[in-house]
1. Being among the small types (Gly, Ala, Ser) and loosely packed, with under 14 Cβ neighbours inside 10 Å is the filter here; which residues of region 87-140 pass it?
2. Residue check: is Leu122 modelled with pLDDT of 95 or more, part of a loop (DSSP other than H, G, I, E, B) and either closer than 11 Å to Ile4 by Cβ or under 13 Å from the mean Cα position of the chain (by Cα) (or both)?
3. Would you check which residues across region 19-76 are small (Gly, Ala, Ser) and within 27 Å of Glu96 (Cα to Cα) and list them?
4. Only residues that are touching a residue at least 40 places away in the same chain (Cβ under 8 Å) and more than 11 Å from the chain's Cα centre (by Cα): list them for region 64-94, please.
5. Out of (1) hydrophobic (A, V, I, L, M, F, W, C); (2) within 22 Å of Phe127 (Cα to Cα); (3) surrounded by 20 or more Cβ atoms within 10 Å (Cβ to Cβ), the odd one out for Leu66 is which?
6. Considering only region 30-49, state which residues are touching a residue at least 60 places away in the same chain (Cβ under 8 Å) and not aromatic (Phe, Trp, Tyr).
7. What are the residues in region 29-49 that are surrounded by 12 or more Cβ atoms within 10 Å (Cβ to Cβ), among the charged types (D, E, K, R) and farther than 13 Å from Gln18 by Cβ, if any?
8. Under 8 Å between Cβ atoms, at least 6 apart or on separate chains: pull out the pairs that start in region 1-21 with a residue that is free of Cβ contacts under 8 Å to residues at least 60 places away in the same chain and end on any residue that is among the hydrophobic types (A, V, I, L, M, F, W, C) and assigned to a helix (DSSP H, G or I).
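The values are calculated or read from the model by the stated rules, or taken from the named source; none is laboratory data. For clarity, every value in this text was computed on a predicted model and none was experimentally measured. Cβ placement follows ideal geometry from the backbone for every residue including glycine, while neighbour counts extend to all protein chains displayed.
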Amino acid sequence: MQRINRLLSRAEEMGWGQAAAAPIDVVLHPEQSAVQPDLLFIARDRLHTVHAGVVAETPDLVVEVLSDTTRRRDLGLKLHLYEGHGVPFYWAVDPEEEAVRVYVRRGGGYGDPAFLRPGGLLGCPLFPAVTMPVEDVFAG
């Protein structure tokens, strides 16, 4: 997670927006409980959605790091929650498989994810000049 946090921090330093790490509350709907993704990114033109450490609207990118205790929730409930509330980009980082599942919202939903593995390059259209080799995500 620290390496992806560095990737998002580089995007922030370049002026593409703001990165945040848990614990940060994301309120996707005023009548629902907040969720706390592992990492998130808000594009610079939407920074007004962050107030006192709470994201009051849909983030532009959400990152969850899968573990034995969170895998089902992150790939089930949270995936559908993010998709249903219009999160454009969702990365599910899987240390067990050494892969990043990249979900991109097109039309009404995500569709099948791209599986990025070592040898691939992790990046996002939100910050096109900032990338990281997938093997670096899992190094160390």
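1. Gly107, Gly108, Gly109, Gly111, Ala114, Gly119, Ala129, Ala139, Gly140, listed by residue number.
2. Details: modelled with pLDDT of 95 or more: yes; part of a loop (DSSP other than H, G, I, E, B): no; either closer than 11 Å to Ile4 by Cβ or under 13 Å from the mean Cα position of the chain (by Cα) (or both): yes.
No.
3. Quick first cut of region 19-76, residues small (Gly, Ala, Ser) only: 19-22, 33-34, 43, 52-53, 56, 67, 76.
Once the filter is applied, which keeps residues that are small (Gly, Ala, Ser) and within 27 Å of Glu96 (Cα to Cα), region 19-76 yields Ala19, Ala20, Ala21, Ala22, Ser67, Gly76.
4. Lys78, Leu81, His85
5. Of the numbered conditions (1) hydrophobic (A, V, I, L, M, F, W, C); (2) within 22 Å of Phe127 (Cα to Cα); (3) surrounded by 20 or more Cβ atoms within 10 Å (Cβ to Cβ), the odd one out for Leu66 is (2).
6. Within region 30-49, just Ala43 meets the criteria.
7. Passing the criteria: only Asp38.
8. If the second residue must be among the hydrophobic types (A, V, I, L, M, F, W, C) and assigned to a helix (DSSP H, G or I), the pairs left are Gln18/Leu47; Ala19/Leu8; Ala19/Ala11.
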